[in-house]
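Data first, discussion second: the structure below is written as C-alpha cells.
A short reminder: the numbers here are calculations on the coordinates, not readings from a lab. Please read these numbers as outputs of a predicted model, since none were measured by experiment. Virtual Cβ from ideal backbone geometry, glycine too; neighbours counted across all protein chains shown.
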C-alpha cells in the first residue's frame, strides 16, 4: 500500500495540534476549565499553564476572573484568526491523508484488476469499509456484498448495501474478499480462509 506521509503537523503530538485544541475548546465554551483544556490537549497541569500564558503573551487568549477560583476564557481577534487558520490547515491534512489512503487501497487491488477479478465482497462494515467504497468509485470493481460478524448489523443498509452474515458468503458469486477491518485482519483471515480456498477466492488484507 502507498505509504501515507508521516511528517504532518497535526497528526502527532506537537505545539500546533495542542494550540489548535486549546483555541477550539475556548471557541466552543468560554467557561471550560484549565484541567479540561489540559485533558483535551493531552497536556499536564504545568504544561497547560505554560501554553495558556504563552497564548496570552501572543495576544491570542484572554482570561477574565469569575469568582477568584476560575476564569472565563476568550479568543482575541488575532486568536480567532489563528484558530481559523490552524483549523483550515488541519482540514487540509485530513483531505491529504484521506486521498493518500484511497490511493493506497487502489494500489493494493491492482493485481486483482489485472487478473480481471472485479467482483468483490467487503468483510467488515466499518469506517474503513467506507473509505474502501470511496476508493472503488470510478474503477472496474463491483461490490456484490458487504459482510460483518456483528449480528446487529445484519440486514442493515450500509452505503446502499445490505450487510449479510459471513455464512452467506459461500452462496454469493464473487472473485475476492477484501478485509475492511484494520483491527481484525488476522482474525477474519483465519475465519474465512477455508471457505475462500474451497471457492477459489482471493483474500486481500489492507
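Okay, here's what the table says:
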quantity	calculated
Pick from segment 27-43, criterion under 26 Å from the mean Cα position of the chain (by Cα) and part of a loop (DSSP other than H, G, I, E, B), ranking: nearest to residue 75 (Cα to Cα)	29
Filtered residues of segment 44-60 (kept if crowded, with 17+ Cβ neighbours inside 10 Å and part of a helix (DSSP H, G or I))	48, 51, 52, 55
Some residue of segment 134-147 being surrounded by 13 or more Cβ atoms within 10 Å (Cβ to Cβ) and within 13 Å of residue 206 (Cα to Cα)	yes
Within segment 152-186, considering residues that are assigned to a helix (DSSP H, G or I), free of Cβ contacts under 8 Å to residues at least 40 places away in the same chain and surrounded by 12 or more Cβ atoms within 10 Å (Cβ to Cβ), the one nearest to the chain's Cα centre (by Cα)	185
Tally of residues being over 11 Å from residue 19 (Cα atoms) and touching a helix residue (DSSP H, G or I) at 6+ places or on another chain (Cβ under 9 Å) across segment 47-60	4
Residue list for segment 77-135, filter: touching a strand residue (DSSP E or B) at 6+ places or on another chain (Cβ under 7 Å), over 21 Å from residue 160 (Cα atoms) and part of a helix (DSSP H, G or I)	79, 83, 108, 112
Breaking point among (1) in contact (Cβ under 8 Å) with a residue 40 or more places away in the chain; (2) surrounded by 14 or more Cβ atoms within 10 Å (Cβ to Cβ); (3) closer than 30 Å to residue 20 by Cβ, for residue 120	(3)
